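Participant: Here you go, one structure.
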Amino acid sequence: SLLLLAVPLYSFQMFDRVLTSRSTDTLLMLSIVAIGALGVMAVLELLRSQLLARVGMLIEARLSGPVLAASVGQSLRGEARGAQGLGDLAQIRAFLGGPGVTSLFDIPTVPVFMAAAFLIHPALGWVAVGGAAILLLLTSITHWTTRSLLQASGVAGLTALQRANADLRNADAIQAMGLIAALVARWERQNGRILALQAAASDRLGGLSALSKFARLVIQVLAMAVGSWLAIEQEITGGMMIAASIMTARGLAPIEQVLAGWNGMAAARQAWLRVHRLLAEAGTERTPLALPRPEGRLTAEKVMYAAGNDMARQPILKGISFTVEAGESLGIIGPTAAGKSTLIRLFAGSLTPLSGSVRLDGAEIASWDRADIGRHIGYMPQDVQLLAGTVAENIARMSEPNPLLVVEAAKKAGVHELILQLATGYETPIGEGGVQLSGGQRQRIALARALYGSPRLLLLDEPNSNLDAVGEEALMRALAIAKQEGITVVLVSHRPNLLQQVDRLAAIRDGILETLGPREEVMAQFRRPATAAPVLRTVRAPS
């Protein structure tokens, strides 16, 4: 930026030295020096742009992993922001690699150009300082008058986009029930509000930008007029007048450029604040000490949980306490919205209790390193979602597939033959861009994923909701194998034939453990007429 002084200094020398001396040698040498300075400036400009681009890439490379992990935790807390954090990082990288950030680096050179104008004549210096003050005032006004509009527009835009993405995941229902017109109307209303906010912000930015450009040109004219008057009064030369005009214009240019790129700068700043907030919420947790392979003893102690872990909300679970011994199997039953799936997610470590504790072999599940404990837990959620990748990668939990372990897990789940019938067997891509599997096929592959690596704790939430007779038989065999291997099993189901595989049953209603005991006793209690047993009693297992 300082090398830009070569242009006004060259102009000064042309008018005051070359034209008066008529020396071609002086003209040649001054031209060589000026061109050399501008060449060095161009090289430094290239290096600066490359450095900034790589800084942006480095920031994205360093933070993308933690941001993705924090986004997963955010989704677990019920904040459906998707991969917004990764999009924010991409926006920051684009800003750092673009022209908008370079104007910020030119701002510190403004006092240098002002000082150079003072060296020519104090009056010219004060004109330049006054112009800089006016432009800085306009920049401050821009910040304070557009900040709230830009923030509101950004939040509304992200909310609308998230809702649109959620709608698109239900495309079948939308098409079948003719919801397209209603959704389009809702989107247009939301988008209209967003566009109104953006239009208001753009109008203010446009007006202030035009005013800034007008002010800068007027200041440049004033600098020329003052310089001409000083030249007439023979206080400065004509070359000094031209040099001062150029210095004033160049000194004020970075401020105007900042104002012109304010929208992108504000958006990048908001993106950085969102990333900072996301990582701050995730915290910088230390990696816990690796614990030995668990036996599988699962304990719930006065577990309470509310949506979003908000104490102000109605609890979903209310003081649940029981123990599942290593190698034992427990079935959880109860009406809809009783808290069964929430309890399974607490056992899996996907949720954290509001109070109480969930322990595996005496250690709180939350205290385990997630990468470590994940190897010992097989989890199959009610809403099975396979990840984009091959069948083998999904079974191997997206790590490098071990062929022997993958096939072993598939055989335990009774899905080996089904996988072989796919286009390319275990290498068949599924998910986005891959083959579309039925609900039953997804559940059976998810069961193989849960059994991969012989976990010590197997958690199944409605594992047979989409299975046909063949799939259900395979599930029953898998449960029998798990029992033989001493795997602790906790499953949620409404089907009596599957519950025949468990040792004990727990009945939950309205977040309260009403019944816990041996399978046959609990099942017999539930088969009684409602008049005979209006309130379920606790069945104690024989000692």
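The values are calculated or read from the model by the stated rules, or taken from the named source; none is laboratory data. As the structure is a prediction and not an experimental result, all values here were calculated from the model. Cβ atoms come from the backbone with ideal geometry, glycine included; neighbour counts cover every protein chain shown. Side chains are part of the model used for accessible areas, which takes the heavy atoms of the whole protein and leaves out ligands, DNA and RNA. Shrake-Rupley method; radii C 1.70, N 1.55, O 1.52, S 1.80 Å.
Participant: For the subset of region 402-424 comprising residues that are within 16 Å of R477 (Cβ to Cβ), out of contact with any Phe, Trp or Tyr (no Cβ under 9 Å at 6 or more places or on another chain) and among the hydrophobic types (A, V, I, L, M, F, W, C), which member is surrounded by the fewest Cβ atoms within 10 Å (Cβ to Cβ)?
Facilitator: Filtering region 402-424 for residues that are within 16 Å of R477 (Cβ to Cβ), out of contact with any Phe, Trp or Tyr (no Cβ under 9 Å at 6 or more places or on another chain) and among the hydrophobic types (A, V, I, L, M, F, W, C), the one surrounded by the fewest Cβ atoms within 10 Å (Cβ to Cβ) comes out as L418.
Participant: Could you tell me how many of the residues in region 425-440 are at pLDDT 90 or above and open to solvent by 40 Å² or more (accessible area, probe 1.4 Å)?
Facilitator: 1
Participant: Same structure again: Residue under question is S399, and the condition is that it be over 28 Å from L498 (Cα atoms), over 26 Å from the mean Cα position of the chain (by Cα), open to solvent by 20 Å² or more (accessible area, probe 1.4 Å) and among the polar types (S, T, N, Q); does it hold?
Facilitator: Taking the combined requirement at face value, the residue does not satisfy it.
Participant: Still on this structure, please answer the following. State yes or no: is R313 closer than 30 Å to A90 by Cβ, surrounded by fewer than 17 Cβ atoms within 10 Å (Cβ to Cβ), modelled with pLDDT under 85 and not hydrophobic (A, V, I, L, M, F, W, C)?
Facilitator: Taking the combined requirement at face value, the residue does not satisfy it.
Participant: In region 368-386, what residues are surrounded by fewer than 14 Cβ atoms within 10 Å (Cβ to Cβ), closer than 20 Å to S465 by Cα and not acidic (D, E)?
Facilitator: Answer for region 368-386, where residues must be surrounded by fewer than 14 Cβ atoms within 10 Å (Cβ to Cβ), closer than 20 Å to S465 by Cα and not acidic (D, E): just Q385.
Participant: Can E60 be described as among the charged types (D, E, K, R), open to solvent by less than 50 Å² (accessible area, probe 1.4 Å) and either at pLDDT 85 or above or within 21 Å of P108 (Cα to Cα) (or both)?
Facilitator: Yes.
Participant: Related question: Conditions first: (1) in contact with a helix residue (DSSP H, G or I) (Cβ under 8 Å, 6 or more places away or on another chain); (2) open to solvent by 40 Å² or more (accessible area, probe 1.4 Å). I365 passes all but one, so which condition is the exception?
Facilitator: Result: I365 passes all but (2).
Participant: Okay, moving on. How about region 300-362: which strands (runs of 3 or more DSSP E) wholly inside it have at least 3 residues that are closer than 15 Å to L458 by Cβ and out of contact with any Ser or Thr (no Cβ under 7 Å at 6 or more places or on another chain)?
Facilitator: Ranges flagged: 329-333.
Participant: Against the conditions (1) open to solvent by 60 Å² or more (accessible area, probe 1.4 Å); (2) in contact with a helix residue (DSSP H, G or I) (Cβ under 8 Å, 6 or more places away or on another chain), where does T26 fall short? Just the number, please.
Facilitator: (1)
Participant: What helices (runs of 4 or more DSSP H) completely inside region 388-477 contain at least 1 residues that are of a type in the set (D, E)?
Facilitator: Once the helices (runs of 4 or more DSSP H) in region 388-477 are filtered for at least 1 residues that are of a type in the set (D, E), what remains is 391-395, 403-412, 416-420.
Participant: A further question follows. Does A280 satisfy being of a type outside the set (S, T, Y), open to solvent by 50 Å² or more (accessible area, probe 1.4 Å) and either assigned to a helix (DSSP H, G or I) or in contact with a strand residue (DSSP E or B) (Cβ under 7 Å, 6 or more places away or on another chain) (or both)?
Facilitator: Spelling it out, A280 is indeed of a type outside the set (S, T, Y), open to solvent by 50 Å² or more (accessible area, probe 1.4 Å) and either assigned to a helix (DSSP H, G or I) or in contact with a strand residue (DSSP E or B) (Cβ under 7 Å, 6 or more places away or on another chain) (or both).
Participant: Can you go through A243, A266, A223 and tell me which one is touching a Lys or Arg at 6+ places or on another chain (Cβ under 8 Å), touching a residue at least 12 places away in the same chain (Cβ under 8 Å) and open to solvent by less than 60 Å² (accessible area, probe 1.4 Å)?
Facilitator: Being touching a Lys or Arg at 6+ places or on another chain (Cβ under 8 Å), touching a residue at least 12 places away in the same chain (Cβ under 8 Å) and open to solvent by less than 60 Å² (accessible area, probe 1.4 Å) holds for just one of A243, A266, A223, which is A266.
Participant: Moving on. Considering only residues that are assigned to a helix (DSSP H, G or I), out of contact with any helix residue (DSSP H, G or I) (no Cβ under 7 Å at 6 or more places or on another chain) and open to solvent by 10 Å² or more (accessible area, probe 1.4 Å), which ones fall in region 479-495?
Facilitator: L479, A480, K483, Q484
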